Amino acid sequence: ALKDLAELSERAATVFGPIKTHATLLLAPNGSRLVEIEAAPILAKRIVGKEDVDIGPLIKKLRNSDWVKEGLQYFHDDRCPFCQQDTDHAFREKINEYFDEQYQADIDAISGLIQTYATLSEAVLTHIEALISSDSDHLDIPLISHLHDTLKSSLGLNAQHLDRKKKEPS
C-alpha cells in the first residue's frame with residue numbers, strides 16, 4: 001500500500017529525529033502480602049479467654065470480654081474495678097486465669113500483623129510515590145496520583161480496623 005507524503009514525513013521524523021534514550025524498566029508495586037494479611041484467619045476469629053474457668057460462662061453470657069480485659073489494669077488491692085467491692089485474691093486469680101496464654105498469643109499475633117501491615121503499606125506507598133516522581137513519558141501520572149491517594153486512604157482505614165481488632169479482640 002502506498003502511503004501519502006505527510007504520513008511518510010511523520011514516520012521519517014520519528015526514525016531520523018532526536019536519538020531516543022533507553023527507557024528504564026519500571027516495576028509495579030506488589031501488594032499481595034497486604035492482601036494476605038487482610039485475609040488472615042486470626043482477624044476473623046473471636047478472641048476470648050479460657051471459658052472453662054469459673055467466671056468464664058458469666059463473661060461469655062454478658063459478652064463483655066473486652067471490657068473485663070480493659071478493667072484488669074484497674075484491679076488494685078483486691079478491690080474489684082467493676083463493682084468497687086472488696087474481693088478475695090482467688091477472684092482476681094480467676095479473672096487472670098480467664099485470659100490465658102492462648103489469649104495472649106492471639107493478641108501478640110495480631111500485633112505482629114499490625115506491624116507487618118504498616119511496614120508493607122509504607123513500602124508500597126513509597127514505591128508508588130517513586131513512580132509518580134519518575135517523570136516517565138510512559139505513565140499516566142495524574143491517574144497514578146489519584147490511585148495512590150485512594151490506596152493510601154484504604155490502607156489507613158484498614159490499619160484502623162486492625163487496631164480496633166487488637167483493642168476489642170472479641
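The values are calculated or read from the model by the stated rules, or taken from the named source; none is laboratory data. None of these values were measured; they are calculated from a predicted model. Positions of Cβ are backbone-derived with ideal geometry, glycine not excepted, and every protein chain shown enters the neighbour counts. Ligands, DNA and RNA are stripped out before the accessible areas are found, and what is left, the full protein with its side chains, is counted by its heavy atoms. Shrake-Rupley method; radii C 1.70, N 1.55, O 1.52, S 1.80 Å.
Anything in the stretch 60-82 that is at pLDDT below 75 and either among the hydrophobic types (A, V, I, L, M, F, W, C) or in contact with a Cys (Cβ under 6 Å, 6 or more places away or on another chain) (or both)? List them, or say none. Passing the criteria: only LEU62.
Give the number of residues within the stretch 51-66 that are exposed (fewer than 14 other Cβ atoms within 10 Å of the Cβ) and either touching a Gly at 6+ places or on another chain (Cβ under 7 Å) or within 21 Å of ASP108 (Cα to Cα) (or both). Working first, answer last.
The first filter runs over the stretch 51-66 and keeps only residues exposed (fewer than 14 other Cβ atoms within 10 Å of the Cβ), leaving 51-52, 54, 57-58, 61-63.
With the extra rule that they be either touching a Gly at 6+ places or on another chain (Cβ under 7 Å) or within 21 Å of ASP108 (Cα to Cα) (or both), the set shrinks to 51.
Count: 1.
Filtering the stretch 123-136 to residues that are in contact (Cβ under 8 Å) with a residue 60 or more places away in the chain and open to solvent by less than 30 Å² (accessible area, probe 1.4 Å) leaves VAL124, ILE128, LEU131, SER136. A residue that is of a type outside the set (Phe, Trp, Tyr), touching a Pro at 6+ places or on another chain (Cβ under 9 Å) and over 24 Å from THR24 (Cβ atoms) can be found somewhere in the stretch 110-121. Sub-6 Å Cβ pairs linking a first residue in the stretch 143-161 that is among the polar types (S, T, N, Q) to a second residue that is open to solvent by less than 90 Å² (accessible area, probe 1.4 Å) and part of a helix (DSSP H, G or I), at least 6 apart or interchain, are SER145/ILE132, ordered by first then second residue.
Among what's in the stretch 85-126 and is at pLDDT below 90 and hydrophobic (A, V, I, L, M, F, W, C), pick the residue that is farthest from the chain's Cα centre (by Cα). If you could, list the steps in order and put the result at the bottom.
Kept after step one, since they are at pLDDT below 90, are these residues of the stretch 85-126: 85-104.
Then drop every residue that is not hydrophobic (A, V, I, L, M, F, W, C), which leaves 90-91, 95, 99.
Details: ALA90: 39, PHE91: 37, ILE95: 31, PHE99: 25 Å.
It comes out as ALA90.
Name every residue in the stretch 89-122 that is more than 18 Å from ALA40 (Cβ to Cβ), exposed (fewer than 15 other Cβ atoms within 10 Å of the Cβ) and aliphatic (A, V, I, L, M), in order of residue number. ALA90 - this is the single residue of the stretch 89-122 that is more than 18 Å from ALA40 (Cβ to Cβ), exposed (fewer than 15 other Cβ atoms within 10 Å of the Cβ) and aliphatic (A, V, I, L, M). Only one of the listed residues (ILE107, ILE128, ILE95, ILE144) is in a helix (DSSP H, G or I), touching a Pro at 6+ places or on another chain (Cβ under 7 Å) and more than 21 Å from LEU162 (Cα to Cα). That residue is ILE128. Quick one: count up the residues across the stretch 144-170 that are modelled with pLDDT of 95 or more, open to solvent by less than 50 Å² (accessible area, probe 1.4 Å) and under 30 Å from TRP67 (Cα atoms). Count: 5. The criterion of at least 3 residues that are in contact (Cβ under 8 Å) with a residue 12 or more places away in the chain and over 26 Å from the mean Cα position of the chain (by Cα) is met, among helices (runs of 4 or more DSSP H) falling completely within the stretch 25-84, by 56-62.
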